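One structure is given below, encoded as structure tokens.
The values are calculated or read from the model by the stated rules, or taken from the named source; none is laboratory data. This is a predicted model, so every value here is computed, not measured. Using ideal geometry, Cβ is built from the backbone for each residue, glycine included, and neighbour counts are taken over all protein chains shown.
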Amino acid sequence: MLKLVLRLLLAGVFLFAAYSKLKQSYLVFAMSIDSYQLLPEWAVLTVARTLPPLELIIGVGLLIGWKLRYFAIAAFAMLLVFFSILLFSYGKGMTIDCGCFGVGEALSPMTLARDGTLLAAAGLLAKLSVSASDRSTHSTSTQ
């Protein structure tokens, strides 16, 4: 039951994040990415164009539960990168737009708490999914 709740929660977050970015020009999201001052212009534009479709794919994968092990690990990896960048930027005292769900959310302790919680949820889902996958592989190989 816990795995189902985590899977649906994370699917909803990834789908909403993708939707909020895809409903506007990728250039708007590119401005949020650029405010972190971590990437050259060509990389900012590439990330702005590719990240929302990746979030959509991960969200759909989590929602339907197919190959859950891989989608859970992908969600954890993506959230780990996001959280690390947010933490680094907040630590530098940057007062920028988070860009997490489109435009309009300032980077704040609340943002860090939310993303940290999502990271923990994705980590737990990945652990549960890998463990379940290992058990099913082990049981079929010993029969």
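Brief remarks on what is shown
- Of all residues in segment 11-38, those that are farther than 23 Å from ALA74 by Cβ have Cβ atoms under 8 Å from Cβ atoms of residues that are in a helix (DSSP H, G or I) and modelled with pLDDT of 95 or more, 6 or more apart or on another chain, in LEU27/ALA48; ASP34/GLU41; ASP34/VAL44.
- For segment 75-109, the candidate set comprises residues that are within 17 Å of PHE16 (Cα to Cα) and aliphatic (A, V, I, L, M); within that set, the residue that is farthest from the chain's Cα centre (by Cα) is VAL103.
- Lone unmet requirement of (1) in contact (Cβ under 8 Å) with a residue 40 or more places away in the chain; (2) out of contact with any helix residue (DSSP H, G or I) (no Cβ under 9 Å at 6 or more places or on another chain); (3) over 19 Å from ASP115 (Cα atoms); (4) of a type in the set (A, V, I, L, M, F, W, C) for LEU4: (1)
- For LEU118, the conditions (1) under 17 Å from the mean Cα position of the chain (by Cα); (2) free of Cβ contacts under 8 Å to residues at least 24 places away in the same chain are fulfilled apart from (2).
- Search result, residues across segment 7-26 that are outside any loop (DSSP other than H, G, I, E, B) and either in contact with a strand residue (DSSP E or B) (Cβ under 7 Å, 6 or more places away or on another chain) or β-branched (Val, Ile, Thr) (or both): VAL13, ALA17, SER20, LYS21
- Residue match in segment 76-91 (condition: under 30 Å from ALA132 (Cβ atoms) and modelled with pLDDT under 95): no
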